[in-house]
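What follows is one structure encoded as structure tokens, with my remarks underneath.
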Amino acid sequence: MRDRVRTRVPVVVQTSGVRAGPARVLWVCAEAVVTCGVVILLLVVHQLWWTNQQARAEATEQVRALEREWEGSPDAWPEVRPEAGPEPAPEEPAAGEPSAAASPPVAGAPDDRSAPPAGSAAYAVLRIPRIGLTAPVARGIGKRSVLDRGYVGHYPRTAAPGRPGNFALAGHRNTHGEPFRYINRLRAGDEITVRTREREYVYRVDQVLPRTAPRDTGVIAPVPRSLVKPSYGYSSPGSYLTLTTCTPEFSSTYRLIVWAKLVRSE
């Protein structure tokens, strides 16, 4: 009887490890996918939301600082004569921003003796009522020093505000404050103001070039005219304002150009 009982003791076959293997692999894969999804989501939130919050806050504070300074210093900004020597190399642009490499110094551009000193902080305030934009303007179109701070960048060797020639500006269309997000909505007749310590200049939108190549340097020439689409632009000297940004949105494939003419100074 005892022998029969002993022979009936169940034997446990260890098959659970084999069955759990595929399930464990699927679980690990699922965890990896979820983790990657969360990381990507955080990166998107940072790029599309947080950089905008930071840049807009800094740009807004810079505008306030400029206006407080001007209110306390009514005297005109003395003329600045740039020192002789080569200009500092521009910073390497990132994808999606107007490229300094795409817009090298324009041959024949006049030396502007009233331009702000090299390496200066913001020196003007750009306002476009049509799209509710108020942004500081700084010299240069470097990524870290200007554009990523929510500023509008003044192309090197283009005219100063209100002066003969072409006052050419660049700005992000997406992320980092995206000041030029909606310049595609501008239409002929819309007013754009540029305030400096000396005075305020009023420009009126005249032409919009919806799309051109990044290396279309003619758009920021002293007399702006597209080299890619010559039907857009001008043929005689004047006091022009040019706004440039990337298009379509979230892409740096092409450039969107808005041109305006100076109508008065106050």
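Under the Karplus relation 6.51 cos²θ - 1.76 cosθ + 1.60, θ = phi - 60°, what is the ordered set of whole-Hz ³J(HN,Hα) values for the stretch 210-219, x standing for Gly and Pro? My calculation for the stretch 210-219 gives x, 7, 8, 6, x, 9, 7, 5, x, 5 Hz in order. Each Lys or Arg adds one and each Asp or Glu subtracts one; over the other residues with Cβ under 9 Å from the Cβ of ALA55, this totals -1.
Taken one residue at a time, the phi angles of the stretch 242-249 give Karplus couplings (6.51, -1.76, 1.60, θ = phi - 60°) of 10, 10, 10, 7, 7, 8, x, 4 Hz. Gly and Pro are set to x.
Note on GLU61 and ALA213: their simple-model spin labels are 4.2 nm apart, each label 7 Å out from Cα toward Cβ. For LEU169, the residues whose amide H sits under 5 Å from its own are TYR155, THR242, LEU243, THR244, ignoring neighbours fewer than 5 places away on the same chain, with H placed 1.01 Å from N. In this simple spin-label approximation, VAL263 and SER231 carry label points 7 Å from Cα along the Cα→Cβ vector, and these lie 2.6 nm apart. Residues in the stretch 152-167 carry Karplus couplings, in order, of 9, x, 8, 4, x, 6, 10, 4, 7, x, x, 9, x, x, 10, 7 Hz; the curve used is 6.51 cos²θ - 1.76 cosθ + 1.60 with θ = phi - 60°, and Gly or Pro positions show x. Under a 5 Å amide H cut-off, with hydrogens placed 1.01 Å from N, ALA124 pairs with VAL137 among residues at least 5 apart or on other chains.
If you take all other residues with their beta carbon under 12 Å from the beta carbon of VAL219, and give Lys and Arg +1 and Asp and Glu -1, the sum is +4.
Under a 5 Å amide H cut-off, with hydrogens placed 1.01 Å from N, TYR254 pairs with THR247 among residues at least 5 apart or on other chains. Between VAL223 and VAL25, the modelled labels are 7.2 nm apart [label points 7 Å from Cα along Cα→Cβ].
The numbers here are math on the coordinates, done by the rules we state, and not lab data. Fair warning: this is a prediction, and the values are worked out from it, not measured in the lab. Cβ coordinates were reconstructed from backbone atoms using ideal geometry, including for glycine residues, and neighbour counts include every protein chain displayed.
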